[in-house]
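The values are calculated or read from the model by the stated rules, or taken from the named source; none is laboratory data. Remember, predicted model here, so these are calculated numbers, not experimental data. Methodologically, a virtual Cβ is constructed for each residue, glycine included, from the backbone with ideal geometry; neighbour enumeration extends over all protein chains shown. All accessible areas refer to the heavy atoms of the entire protein, side chains included, with ligands and DNA or RNA removed. Shrake-Rupley method; radii C 1.70, N 1.55, O 1.52, S 1.80 Å.
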Amino acid sequence: MSMNNTFSSDYNAQNVTDYPNNNTYFLVWNFKDNIDPDKIKSVFQRICALVINLNNSALDRFPDSKASCVMGIGYEAWQQLELPQPLPKEFKKFQEIKGSKHTAVSTKGDLHFHIRADEKSFAYDMASVISGYMKEIADCEVEVQGFRYWDSRSILGFVDGTENPHGKDRDHFAIIDDSDPQYEGGSYLFVQKYIHNLDAWKSLSVEEQEKVIGRSKDQDIEMDDDIKPKNSHIALANIGDDFKVVRDNMPFGSVATNEMGTYFICYASTFSTVEKMLTNMFIGNPPGNYDRILDFSTAQTGTLFFVPSMDMLDGFSG
């Protein structure tokens, strides 16, 4: 794999390369209509300062808590807030990807907060104080409380994120380098809220489930290429060693209603990598050979955000 990207010490990225923790809040907020634009901008400035403060406070007060908060800004919000132009090179409104059977929908999102902590109370406190500020100017459209399920498995029972990069590769694949100098240290953030049809999934034998995923269920071992189905999740979602993203997926749900799902979230240095992965999954490679996991998993949301560096957040805070 070629590692031509170079990173300077001049940027201070948000905590996009932190590993998933035991407890997570995912919050998507949309600005209210008929709110004074200056009011929205003023609260946004305070939110930027708050995110910086929450991360610094967590590090100072509880250095071993592995707590962090990452804020992403949606395309329409970027325009409304009159943030810097030109935009990051690959920043745009996500357009739905419609296959012959399944669709990666596009949904609105102005601000996204990704809150991680081993202690649930810490994650709750962060989410609570952010919501206290945001409710003045926005409505919360998505609130997902994710949890670690056994050894980082999705609720479908398979380990999630095995192909994630590690070490310095996490920076390489998640953080923009000097190829876009104005936004060096930033990241593209893409999220989807999936709901699983667990009754249909559980009706499959373990062997059939393994063919859908492309890995063994117990040992998390990838099938050999000569036996791995061409429409398995692994075959279509992984598009090569030079095209990776940092995924922080978490399971969530309600046992009473049997509405269980996966919050798919990834940070990337190029959004085109994410688009290629989604196209493989929903349209298929070749077209029609879509990802079989979609027969059991429905994407209810799909939004692209941009995560500015901490230094840029500091500038936004006024």
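Details
- Within the same chain, lysines fewer than 8 places from LYS217 are excluded, and of the rest, those with a Cα less than 19 Å from its Cα are LYS202, LYS228, LYS230.
- Our note on the geometry: Cα centres of the stretch 266-280 and the stretch 178-209, 10 Å apart.
- Averaged over its residues, the stretch 160-318 has an accessible area of 41 Å² per residue, based on protein heavy atoms and a 1.4 Å probe.
- To the nearest 10, the accessible area of GLU76 is 80 Å² with a 1.4 Å probe.
- Helix axis angle, 271-282 relative to the chain longest principal axis, alpha carbon, degrees: 30
- Taking all protein chains into account, the per residue accessible area for the stretch 25-159 stands at 49 Å² (1.4 Å probe).
- Neighbourhood net charge (13 Å Cβ-Cβ; Lys/Arg +1, Asp/Glu -1) for ASP118: +1
- Flagged links, alpha-carbon separation over 20 Å, of LYS93/LYS193; LYS32/LYS193; LYS108/LYS193; LYS66/LYS89: LYS32/LYS193; LYS66/LYS89
- Cα-based shape type of the stretch 179-228, given that a ≥ b ≥ c are square roots of the gyration tensor eigenvalues and the cut on a/c is 1.5: oblate
- Measuring nothing but protein heavy atoms, the accessible surface of the chain at 1.4 Å probe radius is 47 percent carbon and sulfur.
- Label assignment, volume of the Cα convex hull per residue in Å³ derived from the structure, set (i) 142; (ii) 197; (iii) 171: (i)
- Cα gyration tensor shape for the stretch 9-162, rounded if a/c is under 1.5, else prolate or oblate: oblate
- Taking a ≥ b ≥ c as the square roots of the eigenvalues of the alpha-carbon gyration tensor, the stretch 251-318 is classed oblate because a/c is 1.5 or more while a/b is no larger than b/c.
- Start at zero, step by 10 Å, and the Cα-Cα distances of the stretch 92-215 spread as 8, 25, 38, 24, 4, 0 percent across the bins.
- With a 1.4 Å probe rolled over the protein heavy atoms of all chains, the accessible area of ILE283, ILE293 falls in the order ILE283, ILE293, largest first.
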